[in-house]
1. What net charge is computed for the residues neighbouring ASP114, neighbours being all others with C-beta under 15 Å from the C-beta of ASP114, Lys and Arg scored +1, Asp and Glu -1?
2. State the Cα centre-to-centre distance between the stretch 124-142 and the stretch 479-498 in whole Å.
3. For the stretch 1-155, what class follows from the C-alpha gyration tensor (a ≥ b ≥ c being the square roots of its eigenvalues): rounded when a/c is under 1.5, otherwise prolate if a/b is larger than b/c, else oblate?
4. What does the charge count around GLY387 come to, taking other residues whose C-beta lies under 9 Å from its C-beta (Lys +1, Arg +1, Asp -1, Glu -1)?
5. If I take all pairs of Cα atoms in the stretch 10-80, what percentage of them are more than 21 Å from each other?
6. Please report the antiparallel percentage of the DSSP beta bridges confined to the stretch 1-152, to the nearest 5.
7. Within the chain, what percent of beta bridges assigned by DSSP are antiparallel, to the nearest 5?
8. Whole-Hz ³J(HN,Hα) for each residue in the stretch 395-401, computed from phi via Karplus 6.51 cos²θ - 1.76 cosθ + 1.60 with θ = phi - 60°, x for glycine and proline: what do you get?
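Values in this text are rule-based calculations from the coordinates and carry no lab data. Given the structure is predicted, the values throughout are model-derived calculations rather than measurements. No Cβ is skipped: glycine too gets one built from the backbone with ideal geometry, and neighbour counts run over all protein chains shown.
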Amino acid sequence: MNLVGQMMYMPLLLSSLLQQAARHTGSVEIVSRRVEGDIHRYTYRDCHARSMQLANALTSRGIVAGDRVGTLAWNGYRHMELYYGVAGIGAVCHTINPRLFPEQIAYIINHARDRLVCFDMSFAPLIEQIAHLCPQVETWMMLCGEAALPPSFAVPLESYESFIDGQPQHFVWPQFDELQAAVLCYTSGTTGNPKGVLYSHRSLTLMAYASVSPDALCLSACDVVSPVVPMFHVNAWGLPFSAPMVGAKLVLPGPKLDGESLCTLFEQEGVTVSAGVPTIWLGLVDYMRRTGKRNPLFKRAIVGGAACPPQLATSMRECGIDTIHAWGMTELSPLGTVCSPSPGYASKCADEQARIDAKQGRAIAGIDLKIVGSGGEELPWDGKSAGDLMARGHWVLDRYYGVDQSPLEDGWFPTGDVATIDADGYMQITDRSKDVIKSGGEWISSIELENVAMSHPEIAMAACIACEHPKWDERPLLIAVRRPDSALTAAELLAFYDGKVAKWWIPNDVIFVSELPLTATGKLQKLTLRQRFGKHYVEGSAPSA
Ligand code: AMP
């Protein structure tokens with residue numbers, strides 16, 4: 001006979017995280033650099049109180065469980081209140097990436113059927129452009145006070161502050177099924193329309209619990225956490241949930257993400273740990289090197305969203321910052337792996353440690369990974385066999401929003417990444433499957449070739465793409481941005497590869513450009529590069545220097 005455990009049942013709801021922070025670490029600060037340009041500071045207790053005001057306002061406006069509320073906002077305290085106030089009443093906080101094309105944003109708002117859309121003042125021109133395309137939105141709300149509303153606007157507009165003003169600072173958070181949806185985020189849609197990923201209260205809460213552990217993001221009440229990674233893309237890697245969970249001070253950087261702005265903010269607020277894509281850290285390191293500024297409290301930068309070039313890790317270390325490489329994706333809420341040390345790491349030589357640090361890391365508790373070959377057979381964890389990376393776990397997508405068919409294969413989600421896994425469980429992404437370079441039937445890792453280029457002192461950024469080739473089907477082509485004042489030639493850069501990769505991996509040519517196209521989430525836009533340069537070896541294209 002089954003015997004049921006006799007412990008309390010409390011559904012895993014996001015509201016409980018903020019309530020916990022307000023009750024137990026209520027005086028800990030949330031500091032925000034606002035779009036308005038100034039610094040705003042209040043406490044978890046205040047954030048909870050205003051989130052309850054918002055919950056009251058939403059409820060009296062008729063927003064009910066399951067309704068979608070869109071947000072187009074930078075990382076800031078009002079966005080935090082929307083996360084909790086909206087999800088707390090059982091509605092869905094639909095975070096929208098403002099860097100997508102306006103038509104894609106309108107598509108997403110319509111597809112999600114957002115009833116209310118809240119946006120930062122800086123996105124007012126964008127909203128004016130798309131509002132007429134989204135007729136089912138009942139209310140457009142600017143995240144500001146009444147006085148800051150523009151005198152005229154394309155559609156009727158409300159101010160967030162007036163909306164919540166006067167509402168009671170008390171609200172009894174409803175207890176409902178933890179499988180209810182809490183947050184909706186669309187993929188970047190580099191091919192085709194973006195697809196919705198609908199996170200549940202349970203999946204986000206479990207990810208937050210797992211993410212704070214020492215082998216994951218290692219967060220504690222003594223940390224000051226600054227998510228540079230935006231709250232409009234995959235929950236800012238869960239930090240708006242995990243920081244209150246441990247009672248860590250939260251520093252939200254708003255729209256200014258250049259090296260100088262971040263360095264100053266981190267120093268002023270005593271930030272100890274932050275998270276962002278490699279391009280953010282390239283900007284910070286550049287600034288720190290140029291100015292000689294150092295920040296002794298800022299010790300850990302979590303790097304993900306794209307591969308962390310080893311050279312970046314070295315430069316960061318020279319500035320006193322350890323990089324922690326992590327991998328994830330929208331469909332994984334996003335945390336999948338973190339490159340934390342395994343037993344034996346400490347006794348390895350520096351070169352070996354650097355090789356491990358360059359990997360995307362080990363699956364965090366709650367996530368399982370495997371790599372499979374073209375026939376679906378599981379490949380060995382030998383650090384050499386590269387195959388399609390599959391994931392399963394408590395916060396992995398089951399199916400896309402509004403799509404009946406599940407993409408799962410035998411209970412596993414095909415990530416679209418190609419990877420190796422070594423005997424210690426360290427996973428290394430070699431490519432996005434569509435970016436892999438197949439030369440004479442063999443695979444070449446574009447990421448590895450980019451990492452070598454990026455380790456050249458005169459290269460600021462590099463992308464490697466598959467380029468059609470008359471003999472080998474595809475050959476690697478490097479597209480690179482030189483540092484200012486560099487006169488590096490293609491031949492010199494190619495010679496730099498000697499001894500660093502197999503000879504047949506070395507790109508056939510280099511094209512220098514002034515900048516590389518980035519996606520809405522700061523990743524290299526290889527599709528655009530392939531469209532522009534993909535026939536370079538058959539037809540020729542822009543001349544290389
Ligand atoms: P997104 O869903 O927009 O967050 O993109 C997820 C994709 O970004 C993954 O499937 C990977 O291709 C890529 N990605 C994320 N983190 C890393 C990383 N640390 N190294 C290499 N690629 C990464």
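1. Working: positive: ARG61, ARG68, ARG113, ARG115; negative: ASP67, GLU138, GLU158.
Taking every other residue near ASP114 into account, the sum is +1.
2. Measuring centre to centre over Cα atoms gives 46 Å.
3. On the way: a/c = 2.37, a/b = 1.44, b/c = 1.65.
Cα axes put the stretch 1-155 in the oblate bin.
4. On the way: positive: LYS370; negative: GLU377, GLU378, ASP388.
My count for the surroundings of GLY387 gives -2.
5. The share of Cα pairs beyond 21 Å in the stretch 10-80 comes to 35 percent.
6. On the way: 5 of 18 bridges.
For the stretch 1-152, the DSSP antiparallel bridge percentage is about 30.
7. Details: 48 of 87 bridges.
Antiparallel bridges: around 55 percent, rounded to the nearest 5.
8. Result, rounded to whole Hz: 10, 9, 4, 9, 7, 6, 4.
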